1. Net charge near SER94, counting Lys/Arg +1 and Asp/Glu -1 over other residues with Cβ under 15 Å of its Cβ?
2. What would the Debye equation give as log₁₀ I(q)/I(0) for the chain at q = 0.14, 0.15 Å⁻¹, counting only Cα atoms as equal point scatterers?
3. Taking a 26 Å limit on the Cα-Cα distance, which of the listed pairs LYS65/LYS310; LYS64/LYS252; LYS13/LYS113 fall beyond it?
4. Quantify, in whole percent, the carbon and sulfur part of the accessible surface of the range 197-311 (1.4 Å probe; protein heavy atoms only).
5. Counting only heavy atoms of protein chains, what accessible area per residue, in Å², does the range 3-145 have with a probe of 1.4 Å?
6. Taking a cut-off of 24 Å, what percent of all Cα-Cα pairs in the range 1-151 are separated by more than that?
7. Where a Cα-Cα gap under 18 Å defines reach, which lysines qualify for LYS283, not counting those fewer than 8 residues away within the same chain?
8. How many angstrom separate the Cα center of the range 232-247 from the Cα center of the range 138-215?
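The values are calculated or read from the model by the stated rules, or taken from the named source; none is laboratory data. None of the values given here were measured: they were computed from a predicted structure. Ideal geometry is used to build each Cβ from the backbone, glycine not excepted, and the neighbour counts take in all protein chains shown. The accessibility values were calculated without ligands, DNA or RNA, using every heavy atom of the protein model including side chains. Shrake-Rupley method; radii C 1.70, N 1.55, O 1.52, S 1.80 Å.
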Amino acid sequence: TLRGGLRYEEINKDVDFLRCDSTPYSGCSPLPLRTGNRKDKKFQPAITLETRPAEDVMIYTSFKKGFKSGGFSGTDGLPFNPESANAYEIGLKSRFFDKRVLFNLTAFRSNYKDLQVSSFDPATALFLTTNAASARTQGLEAELQLAVTQNFKLSGNVTYLDATYEDFTKSQCWAGQTAALGCVTVGASSTQDLSGVTTPYAPNWSGSIAADWSKDIGSGLTLKAGSDLYFTSRFATSTDIHPDSFQEKFAKLNARIGLSTESGWDLSLAVRNLTDKRTAAFKNTIPGGFNSIAAFTEPPRTFTIQTRYKF
């Protein structure tokens, strides 16, 4: 089977930008008003080829073009370029043993041009959007589901990811970065070269393992219980790849138990992050904080009661 598609986008943006020439406390002196406009347009083709060597086995390959329009940075009102990506994928989707075992395997690669990067500037306490000339994301993903019995299922998935800036010679320096640490200052501009360095939020390894169980207990009620474990290796949380911005590897356990009815009602109690693992969603330099790092944490152990109705 051969599938194809084509999308065309045309995006217009205008900006009127005005801010102070320093951190806007007392004595703010507004800079001259900056105005601008831009138009971005892009054809985005997609094509997928599938073959089925057996009834429950499909092998496929695909190519897609992606696009994100350019814009204007919130720090200085200057324009940044559109981002584009060429995405390639090849994979296997299959079911075995009377459909009790599902196994999927995918290899993927995306090449980015003018990747849009938002960096925190501790001097102005604002975010600056620029473009990395190129970046690459590639890896493998495997998924396995096993119906042990009619009421008990095991599942798991694992992803290996290699994501790097291929060409990013003008990245913003992190606060406190010196020339010996790779920060190059020319005039009022200080930049570092992140070519060949990992992109943020790109752990080499991540995945999950889950178990789900259910049992009919009579009177139209079904008791359900489940648990899943999410794990990840070390990854950066800031786009300037500050050495202290990395989140170390961790694993988080979730659990749930509930009742469902034949009429469509479902009531459940769930706990997320059962072991109360403390992790950071984002880290950045504290403005005026002598290059200290602030961590914005993810939720601790959290209990929820949820009800749903299916109709």
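1. Taking every other residue near SER94 into account, the sum is -1.
2. Ignoring solvent entirely, the Cα scatterers give -1.25, -1.31.
3. LYS65/LYS310; LYS64/LYS252, as the Cα separations exceed 26 Å there.
4. Ligands and nucleic acids excluded, carbon and sulfur give 61 percent.
5. For the range 3-145, the solvent-accessible area averages 61 Å² per residue.
6. Distances greater than 24 Å cover 56 percent of the Cα pairs.
7. LYS249
8. Distance between centres, Cα-based: 9 Å.
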